[in-house]
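Only one structure is covered here, and it is reproduced in the block below.
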Amino acid sequence: MNRHLAGCLALVLGLGVLPYLGVYPIFAMKLMCYALFACAFNLLLGYTGLLSFGHAAFLGSAAYATGYALKTWGLPTELGILFGVAVAAAIGLVMGGLAIRRSGIYFAMITLAVAQMLYFFYLQAPFTGGEDGLQAIPRGTLLGHIDLGNDMALYYVVLAIFLFGVFLIYRTVQSPFGQVLKAIRENEARATSLGYDVNRYKLLAFVLSAALTGLAGATKSVVFISATLSDVVWQMSGLVILMTLVGGMGTLTGPMVGALIIVLVENKIGEWGNALANATGIAWFGSLGDAVTIVTGLIFVVCVLAFRRGIVGELGAWLERRRARPARS
């Protein structure tokens, strides 16, 4: 428990001083939004065993809802974010109600189909701006006093939102409700035989995951003052699956590590490629910035072959083996 508390404090302190270490605040906020997105998805896949191919629908829907509420209705920022979360939760209730009637690949295909329907709706809806997206979303103020136009002020607000989301996921997983979710993941038939209403638990987990994903999407729209189709397209659903698997599903910090790796690759691979080209004299490295998908795919292949449990999962298993050796001897 002391080690766990020390790790949490180190995470909070590390994130708190990132801007003072030269990290661009907008980049750090993007990282936290995607990390929360991945953690919310992991609640469904890692702890409940449900693979959704449509989670980008919640991210994009909350972004559009928050942006429209702030820009058109003039709501305060905190109410706009809550409205986005409520929209994502409502969509999650509908999508989950349809999907949990099936399992396996059929569950995944239903979530993908509903998400694609929402994508084409947002593509043609007048309030979303179509392919141009919803631009110039006002950040406003928090509680009427904190000016969110200041990147540093916004950074600590986003940090508080991120920590709240992660803490909520942690408490959910450690609660009796979370233990039932793990039982459903391990053996759904046995959980049913013990008297649990499995479909109700899965639906609650689906809605909670959708709401937390909506919190990430709503926050992201305030950070980048825009909401676009890239937030709701199916590739975003694939990206969050990749983050979770690379980091380690079924772990609290695994999705954060996966989000860190993927976001770094997407944003820094061009700089790394140019540095390698200058250092080695091989001009091919300079084109890595145009091959982000290939590099991401290679990372996934390496993790699948060498880290079957994900990076954090394999690290945790290695530490457990280290602790077990003195006990056996």
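The values are calculated or read from the model by the stated rules, or taken from the named source; none is laboratory data. Worth saying up front: this structure is predicted, and the values here are computed from it rather than measured. Cβ coordinates were reconstructed from backbone atoms using ideal geometry, including for glycine residues, and neighbour counts include every protein chain displayed. Areas reflect the complete protein model, heavy atoms only, side chains present, ligands, DNA and RNA absent. Shrake-Rupley method; radii C 1.70, N 1.55, O 1.52, S 1.80 Å.
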By Kyte-Doolittle mean hydropathy of at least -0.5 and Cα axial length of at least 18 Å, which whole DSSP H helices of the chain are selected? 2-17, 25-48, 56-71, 77-99, 105-124, 151-174, 198-224, 234-247, 254-280, 292-306
Test of understanding: in a Gaussian network model of the chain with alpha carbons linked when under 10 Å, which of Asp151, Asp290, Asp231 would top the mean-square fluctuation ranking? Asp290
Please compute the net charge surrounding Leu239, taking Lys and Arg as +1 and Asp and Glu as -1 over other residues with Cβ under 15 Å from its Cβ. 0
Please report the accessible area of Arg102 (heavy atoms, 1.4 Å probe, ligands and nucleic acids excluded) in Å², nearest 10. 130
On each of the three principal axes the extent of the alpha-carbon atoms of segment 124-253, given in whole Å and largest first, is 53, 36, 28
Could you tell me the center-to-center distance, by alpha carbons, between segment 178-194 and segment 13-63 in angstrom? 27
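Compute the projected area of the convex hull of the Cα atoms of segment 179-315, averaged over all viewing directions, and report it in nm² to one decimal place.
10.9
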Can you send over the solvent-accessible area of Trp272, 1.4 Å probe, protein chains only, in Å² to the nearest 10? 120
So if each residue of separation counts as 0.36 nm, and I subtract the Cα-Cα distance between Ala324 and Ala189, what length gain in nm does that give? 45.3 nm
Semi-axes a, b, c in Å (a largest) for the chain, each sqrt of 5 times a Cα gyration tensor eigenvalue, come to 29, 28, 21
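Could I get the Rg over Rh figure for segment 30-167? Both from C-alpha atoms, Rh via Kirkwood, rounded to two places. Don't skip to the answer; put the middle values down first.
Numbers: Rg = 16.1 Å, Rh = 16.2 Å.
Over the Cα atoms of segment 30-167, Rg/Rh equals 1.00.
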Highest GNM mean-square fluctuation among Gly46, Gly80, Gly144, for the chain with Cα springs under 10 Å, belongs to Gly144
